[in-house]
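*Asks:* I have a structure here, written as structure tokens, and I will follow up with some questions on it.
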Amino acid sequence: MFGFLRRPGLGLHAPLLDMAWDGNELRLSCAPAALDTIALELDGCHFAEVPVDALGHARCALPFAPSGAAAANVLPRRTREGAALAATALRIVFGKSGLAPATTRRADAALEPLAASCLLPFGADIGTREVVVAVPVYNAAALVERCLDALLAHSGGNTRIVAIDDYSTDPLIAPLLARFAAQTGIKVLRNECNRGFTATANRGIAEAGRADVVLLNADTEVGPNWLTGLRRAAYAGDDVASATAVSDNAGAFSVPELERENSPPACWNAEQVARALWQRAGLAYPQLPTGNGFCLYLRRDALDAVGVLDEAAFPQGYGEENDWCQRAAHRGLRHVIAGNVFVRHARSASFGDERRDTLGRAGMAVLRERWPRYEADVEDSLRSYERLVLDWRVRRAYADASAGATPRERLLWVGDGLPQWEDAELWQLRANGKRNELVVAGRVVAANDWNARDPEASYRALWDWLQLHALERLVVAERKDSAVAILCGLLDIPVTLVARPFAPSAASAFAGGLPLPPVRIHGGDA
């Protein structure tokens, strides 16, 4: 009936009548009442379900490019897995109006840094900030062992681990924790009676003294860069109170499909999944009115302002962190999702699903009474543009696994003599005339003009590159207090001295390598 209205040249299929792009917003029109939503696919991967109004109009703003690239291919569908509403994907250019049939495939294009990335302010020192990881423990010995093993493997300097046994009934817990207590970097406490999750978490906060705190469930498994990522997210703004990781199974913090248990690629282990998100999820931290206590970073200044968790109202947990976050929000503080930090989560290991549901309902009743707007505020922010971008980038990363891609550690090498290691991803910072270049696989990904009389601009550029490109370690062949080493120390990037840079692999080079202490400066910015 409305076919004569269909825009020619775009190859649109009924009931879609029109589609337009103004450089910032996509507008679609269909016959009234024909569709409730239109599913948008970007570069071959589902992006969003866009609601259609009573007149048949749908609008989707894209304020920045989800892939970080200048262009994208857009394909509208009836439903996420349903029929396409166009004969071919249509190409859009961000900041430029107009649509045209796509002529190149973008599903395999590399994900670039986001224009909306939230970076640490230049010179901010998170490397010296002490963090206490508080792990309340109640039964589930196998998961506790996995949790603590991962923490010891992946937590760097200035970190203390405090495991608090809440009077477990599992006879395997006591000998297990005794074994861990003998190791450096971990302290074990035991409650004299079962005090409940919230009181146990508060004991961990008290044990931290003046340090920042991460509340971590004992049924989690952290991976590479987890604490560095949380630190950076928490200090990306002066008004941030907390940062929460993402997970395969953590309700609103699950990726790429929220409120569902997600299965990461079977061909990747937990470390590889964590590394994939570290490198590809991006740094446009979504915001929510709350964090999640499965892996929640709390800044010390926020704890000072807000206080500790309310153990009287939420004795067994399930609502205590939401209440704390609302108290912080009412003081003008924000809560961010560190989408590049993946933490595996078993969920309900101590209580089981039925007990969890009961506790969840009780906790929500208290939250509704105290914070009447809480649920509506959560719903309004769950599908923010930043969150849509995060989930889309995780889907893209997971799709690469089926193509055989395996995430490798990103290492930075400065100058000539780049090692040739197949088990790592080598990035090179080199001088090319008067330009500094950041290079990977022969491709220059970033460059900056060097001015020896005023080098600050180059230092600032390098500061951003280290964050935007998710570099994990600086590798050096000699001790040198360089500007690169200083910046890495501030950003909590470890430095490793290798005696054999031409070893056949990174693993063999690091086997004889020496971790170097961070290079510190005194009296001024980097």
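*Asks:* Which of the residues spanning the range 323-340 are part of a helix (DSSP H, G or I) and either surrounded by fewer than 24 Cβ atoms within 10 Å (Cβ to Cβ) or β-branched (V, I, T) (or both)?
*Replies:* D323, Q326, R327, A329
*Asks:* Tally up the residues in the range 62-90 that are small (G, A, S) and more than 17 Å from V389 (Cβ to Cβ), please.
*Replies:* So the count comes out to 6.
*Asks:* Give the range 115-124 a look and list any residue that's open to solvent by 10 Å² or more (accessible area, probe 1.4 Å) and under 20 Å from the mean Cα position of the chain (by Cα), or say none.
*Replies:* Listed by number, the residues that qualify are A115, A116, S117, C118, L119, P121, A124.
*Asks:* Hey, any hits in the range 458-478 for a residue that's more than 21 Å from R232 (Cα to Cα), surrounded by fewer than 16 Cβ atoms within 10 Å (Cβ to Cβ) and of a type outside the set (D, E)?
*Replies:* No: zero hits.
*Asks:* Being open to solvent by 20 Å² or more (accessible area, probe 1.4 Å), in contact with a Gly (Cβ under 7 Å, 6 or more places away or on another chain), basic (K, R) and more than 17 Å from E112 (Cβ to Cβ): is that true of R453 here?
*Replies:* Considered against the rule, which asks whether it is open to solvent by 20 Å² or more (accessible area, probe 1.4 Å), in contact with a Gly (Cβ under 7 Å, 6 or more places away or on another chain), basic (K, R) and more than 17 Å from E112 (Cβ to Cβ), R453 comes out as no.
*Asks:* Which one of the conditions (1) open to solvent by less than 30 Å² (accessible area, probe 1.4 Å); (2) closer than 25 Å to L40 by Cβ; (3) modelled with pLDDT under 95; (4) of a type in the set (A, V, I, L, M) does A405 fail to meet, given that it meets all the rest?
*Replies:* Every listed condition holds for A405 apart from (1).
*Asks:* Go through (1) crowded, with 20+ Cβ neighbours inside 10 Å; (2) under 21 Å from G339 (Cα atoms) and name the single condition L75 misses.
*Replies:* Going through (1) crowded, with 20+ Cβ neighbours inside 10 Å; (2) under 21 Å from G339 (Cα atoms) one by one, L75 breaks only (2).
Each row is one residue, and each column tells you yes or no for (1) closer than 22 Å to C488 by Cα; (2) open to solvent by less than 10 Å² (accessible area, probe 1.4 Å); (3) under 17 Å from the mean Cα position of the chain (by Cα); (4) not polar (S, T, N, Q).
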| site | (1), (2), (3), (4) |
| --- | --- |
| A233 | yes, yes, yes, yes |
| D239 | no, no, no, yes |
| A252 | no, no, yes, yes |
| A313 | no, no, no, yes |
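*Asks:* Taking the range 273-302 only, how many residues are open to solvent by 10 Å² or more (accessible area, probe 1.4 Å) and part of a helix (DSSP H, G or I)?
*Replies:* Number of matching residues: 6.
*Asks:* Let me ask something additional. Would you say N448 is of a type outside the set (S, T, Y), farther than 23 Å from E409 by Cα and crowded, with 16+ Cβ neighbours inside 10 Å?
*Replies:* yes
*Asks:* Keeping to the range 52-65, report how many residues are surrounded by 16 or more Cβ atoms within 10 Å (Cβ to Cβ) and small (G, A, S).
*Replies:* 3
*Asks:* When you check E49 against the structure, is it out of contact with any strand residue (DSSP E or B) (no Cβ under 7 Å at 6 or more places or on another chain), closer than 25 Å to A110 by Cα and open to solvent by 30 Å² or more (accessible area, probe 1.4 Å), yes or no?
*Replies:* no
*Asks:* At least 2 residues that are among the small types (G, A, S) and over 32 Å from the mean Cα position of the chain (by Cα) in each: list the strands (runs of 3 or more DSSP E) lying fully within the range 5-114 that qualify.
*Replies:* Because the criterion is at least 2 residues that are among the small types (G, A, S) and over 32 Å from the mean Cα position of the chain (by Cα), the strands (runs of 3 or more DSSP E) in the range 5-114 that meet it are 96-101.
*Asks:* Kindly indicate which of A153, A141 is open to solvent by less than 60 Å² (accessible area, probe 1.4 Å), without any contact (Cβ under 8 Å) to a residue 40 or more places away in the chain and out of contact with any strand residue (DSSP E or B) (no Cβ under 9 Å at 6 or more places or on another chain).
*Replies:* On inspection, the qualifying residue turns out to be A141.
The values are calculated or read from the model by the stated rules, or taken from the named source; none is laboratory data. It should be emphasised that the depicted structure is a prediction, and the values quoted were computed from it without experimental measurement. Using ideal geometry, Cβ is built from the backbone for each residue, glycine included, and neighbour counts are taken over all protein chains shown. Only protein heavy atoms, including side chains, enter the accessible area calculation; ligands, DNA and RNA are left aside. Shrake-Rupley method; radii C 1.70, N 1.55, O 1.52, S 1.80 Å.
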